[in-house]
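Asks: Questions regarding the structure given below will be posed in turn.
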Amino acid sequence: MEVIIRPTAAAAADLVATLIDRAVRQRPDLVLGLATGRTMEAVYALLAERHRTQGLDFSGCRTFNLDEYVGLPPGDPNAYRYYMERHLFGRINIDRRRTHLPDGMAADLDAACAAYEQAIADAGGIDFQLLGIGHDGHIGFNEPLSALRSRTRVKALTPQTVAANAPLFDPPTRMPRRAITMGVGTILDSRRCVLLATGASKADILARAVEGPITAMVSASALQLHPRCTIVVDEAAAAHLQGRDYYRFIFDNEPEWKAFH
Ligand code: GLP
C-alpha cells in the first residue's frame, strides 16, 4: 500500500484521473472497475474532459461497477447506472454493451450476483479498480463485518450509510435498504486498485483503514492485503495519518511520482 497526499481535493482527483488516463493509453482494452459517490464526480469530469480535448479513447475498455441498489431500475435518477450515464458514460466514447453494473432488479438476486462474478472472470479479471470509502469504512457497499473473502452478493446497508446517502433521494425514505456489491475478495483480486478519499469527514475512517489493524469491521482495511494499492488523499482526509511525513517523502523522492510534481 502507498499513500499519496495532495494539497486539495481537486489535485487529488486530478492525480487519480491521470493514473486512469495512463492505464487506458497503455492498455486500450483495459478492464476498469468503477465506483460511484460524490468523491468520484470530479474524477469523471476530468476523464470526460480528457476524452474531449486530449483524445482519451475508451472504445476498447470494459467496465464493471462496484455496486447497485436493489429495486431501482437503471433509469431511476438514484440508480448507479443512471449516475454512471450522467457523469461518465454519456460523456465519453464507450460502448454501453461493454459497461456492467450488478442487476438490482433481477428476480433472482443470488443468480444475478453469480452472473456478475462470472462476467468479471470472462473479461479476464479487473485490471484497475477505482474505489471510494464510506464513513463506516465500506468499499463498494461492503458494510462492517463483510467477510474479507466475500464475493458479489446482496448486502444490507447500515443506518450510517442510509443517513449518508438518503438525502440524495426524494423523498429520503425512498432509499433502498439493500444493495448488490462486489465482495471484498472480488476487489482484492483486481490487479491494481486506487482509493480516493477527500475531505475532513473521511480523516478518521481513512486512518483506521490505512494504519489500523486489518479487520472486517473496516472493510477498507483489507486493502492492506492488496499487492498493488494506492491511496490518494487530500490534506484534509490525511489529517489523522501518523505516517504523513513518510508518505510525503515517498511522493517527493520516488521516480514514479516525479511527473506529478
Ligand atoms: C457510496 C458507494 C461507495 C462510495 C462511498 C463514498 O455509497 N457505495 O462506492 O465510495 O459510498 O461516497 P462519497 O464519495 O459520496 O462519500
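The values are calculated or read from the model by the stated rules, or taken from the named source; none is laboratory data. Given the structure is predicted, the values throughout are model-derived calculations rather than measurements. So basically every Cβ, Gly included, is an ideal-geometry build from the backbone, and we count neighbours across all protein chains shown.
Asks: So, ARG27, is that one modelled with pLDDT of 95 or more, away from the ligand (no atom under 16 Å from the Cβ), over 25 Å from THR198 (Cα atoms) and within 20 Å of the chain's Cα centre (by Cα) or not? Spell out the reasoning first.
Replies: Details: modelled with pLDDT of 95 or more: yes; away from the ligand (no atom under 16 Å from the Cβ): yes; over 25 Å from THR198 (Cα atoms): yes; within 20 Å of the chain's Cα centre (by Cα): yes.
Judged against the criteria, ARG27 is a match.
Asks: Just name the residue that is surrounded by the fewest Cβ atoms within 10 Å (Cβ to Cβ) out of those in region 160-185 that are more than 10 Å from the ligand (Cβ to nearest atom) and polar (S, T, N, Q).
Replies: THR173
Asks: Further question on the same structure: If a residue must be of a type in the set (D, E, K, R), within 16 Å of the ligand (Cβ to nearest atom) and either out of contact with any helix residue (DSSP H, G or I) (no Cβ under 7 Å at 6 or more places or on another chain) or part of a loop (DSSP other than H, G, I, E, B) (or both), how many such residues does region 104-159 contain?
Replies: Going through region 104-159 one residue at a time, the tally reaches 3.
Asks: For THR173, only one of the following conditions fails: (1) over 18 Å from the mean Cα position of the chain (by Cα); (2) in a loop (DSSP other than H, G, I, E, B). What is its number?
Replies: Of everything listed in (1) over 18 Å from the mean Cα position of the chain (by Cα); (2) in a loop (DSSP other than H, G, I, E, B), THR173 misses just condition (2).
Asks: Hey, ILE205 hits all of (1) in a helix (DSSP H, G or I); (2) out of contact with any Gly (no Cβ under 6 Å at 6 or more places or on another chain) but one; which does it fall short on?
Replies: Going through the list (1) in a helix (DSSP H, G or I); (2) out of contact with any Gly (no Cβ under 6 Å at 6 or more places or on another chain), ILE205 breaks only (2).
Asks: Just give me the residues in region 53-91 being away from the ligand (no atom under 16 Å from the Cβ) and of a type in the set (Val, Ile, Thr), in sequence order. Steps first, answer last, please.
Replies: Within region 53-91, the subset away from the ligand (no atom under 16 Å from the Cβ) is 53-62, 73-75, 85, 89-91.
THR53, the sole residue that qualifies.
Asks: Any idea which of (1) assigned to a loop (DSSP other than H, G, I, E, B); (2) surrounded by 21 or more Cβ atoms within 10 Å (Cβ to Cβ) is the one GLY33 doesn't satisfy?
Replies: (1)
Asks: If you check THR158 against the conditions, is it among the hydroxyl-bearing types (Ser, Thr, Tyr) and within 21 Å of PRO77 (Cα to Cα)?
Replies: Numbers: among the hydroxyl-bearing types (Ser, Thr, Tyr): yes; within 21 Å of PRO77 (Cα to Cα): no.
Answer is no for this residue.
Asks: Going by the conditions given, is ALA17 crowded, with 16+ Cβ neighbours inside 10 Å and within 23 Å of ARG244 (Cα to Cα)? Let's see the steps before the verdict.
Replies: Numbers: crowded, with 16+ Cβ neighbours inside 10 Å: yes; within 23 Å of ARG244 (Cα to Cα): yes.
Yes, satisfied.
Asks: Shifting gears a bit: Quick check on region 193-221: of everything there that is polar (S, T, N, Q) and surrounded by 24 or more Cβ atoms within 10 Å (Cβ to Cβ), which residue is nearest to the ligand (Cβ to nearest atom)? So that I can check it myself, show each step before the final result.
Replies: We begin by selecting, within region 193-221, every residue polar (S, T, N, Q); these are 198, 201, 215, 219, 221.
If we keep only those that are surrounded by 24 or more Cβ atoms within 10 Å (Cβ to Cβ) too, we end up with 198, 219.
Numbers: THR198: 8, SER219: 11 Å.
Step by step, filter region 193-221, then rank; the result is THR198.
Condition check ((1) buried (at least 16 other Cβ atoms within 10 Å of the Cβ); (2) modelled with pLDDT under 95; (3) over 18 Å from ASN142 (Cβ atoms)) across all residues:
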| position | (1), (2), (3) |
| --- | --- |
| CYS61 | yes, no, yes |
| TYR69 | yes, no, no |
| GLY90 | no, no, yes |
| THR99 | yes, no, yes |
